[in-house]
Structure formats: C-alpha cells, structure tokens
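See structure below.
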Amino acid sequence: MDVHRELGRGLDEVVYKDALVIELQRADIPVVREKKYEVSYKGTVLPHYFFADFVVWDKIMFEAKAVDRLTEAHIKQVLNYLAIAKLRLGLLVNFGSASLEWKRVVL
C-alpha cells in the first residue's frame with residue numbers, strides 16, 4: 001500500500017517492482033525477483049522460460065500489474081504460473097487503478 005500511496009498510478013510496472021523490492025527488504029521479507037522457471041511440453045523443456053515477478057518466502061508468487069483494472073485473463077495467467085512453479089498461493093496486485101487493487105489466487 002505504501003508503494004501505491006507514494007508513487008500513485010500511471011508509472012511503468014517496473015518502477016513499482018523496484019519500489020516493492022525496497023519495501024520487502026526493509027521489512028526483512030525474503031524475496032526473489034524475476035525467479036526463472038522452466039516450462040515443459042510433453043516431457044521436453046522448452047527453450048523459453050517463465051519469470052515470476054517475485055517469489056516471497058519461497059512459497060508465495062507475487063505478480064505486479066500497472067493496468068486500468070484486473071481482468072479474468074490476469075487471474076488465469078497467475079493460475080498458470082502457479083502450476084508451472086508448483087506453488088499454491090499467488091498475490092496479484094494492480095498499481096494502475098485509482099485505488100490499490102489486489103486478488104488472492106489459490107491453485
């Protein structure tokens with residue numbers, strides 16, 4: 001909430017992610033930014049990877065957006081990412097709306 005309150009809306013997603021790193025580090029919360037995951041297809045690892053915005057405490061995926069509003073497509077994206085990462089809990093946060101918007105996503 002501090003990031004949204006301080007920066008407001010209208011910035012690029014990467015700016016909010018940079019600020020989130022600062023907030024998480026100040027709170028001593030273990031986080032990995034842009035964690036890389038392999039994607040397999042019929043037993044073959046594909047040449048392209050998926051990068052989670054953040055993985056917190058090695059078990060919560062945190063996906064940041066900077067859009068007018070969250071849609072079902074964003075939620076489905078997080079569900080797919082959770083399946084690939086073999087995680088159960090995701091947090092989808094949108095910094096682009098007038099008020100901070102978030103959804104808890106459970107696989």
* So what's Rg/Rh here for region 56-107, counting alpha carbon atoms and using the Kirkwood radius for Rh? -> 0.97
* Packing-based exposure ordering (other Cβ within 10 Å, fewest first) of 44, 71 -> 44, 71
* On Cα atoms only, tilt of 13-26 relative to the major axis of the chain in degrees -> 80
* To do: Rounded to the nearest 0.05, what FRET efficiency do residue 32 and residue 5 give with R0 = 22 Å and r taken as the Cβ-Cβ distance? Could you check?
  => 0.30
* Mean Cα-pair separation over length for region 1-56, i.e. relative contact order, pairs under 8 Å, 6 or more apart, % -> 28
* Asked: Antiparallel DSSP bridges in the chain: what percent, to the nearest 5?
  -> 75
* Asked: Just the Cα atoms of region 2-106, one point each, no solvent: what log10 I(q)/I(0) does Debye give at q = 0.09, 0.12 Å⁻¹?
  -> -0.23, -0.41
* Tell me, what is the percent relative contact order of region 2-106, built from C-alpha pairs under 8 Å that lie six or more residues apart? -> 25
* To do: Measure nothing fancy, just the Cα-based angle from helix 72-85's long axis to the longest principal axis of the chain, in degrees from 0 to 90, nearest 10.
  => 50
* Under a 5 Å amide H to amide H cut-off, with H placed in plane at 1.01 Å, what residues pair with residue 67 once short-range neighbours are removed? -> 95, 96, 97
* **Distant-in-sequence amide H partners of residue 102 (H built 1.01 Å from N, under 5 Å)** => 94
* Structure fact -> Sorted by chain and then number, the residues having a modelled amide H within less than 5 Å of the amide H of residue 39, at least 5 places away or on another chain, are 46, 50
* Structure fact -> Proxy exposure order for 56, 67 (fewest C-beta within 10 Å first) is 67, 56
* Which order do 101, 63 fall in if you start with the one that has the fewest other Cβ atoms within 10 Å? -> 101, 63
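Any read-out appearing in this document is the output of simple, stated calculations on the displayed coordinates, not a laboratory observation. Quick caveat: nothing in here was measured; it's all calculated off a predicted structure. Neighbour counts run over all protein chains shown; Cβ positions are idealised from the backbone, glycine included.
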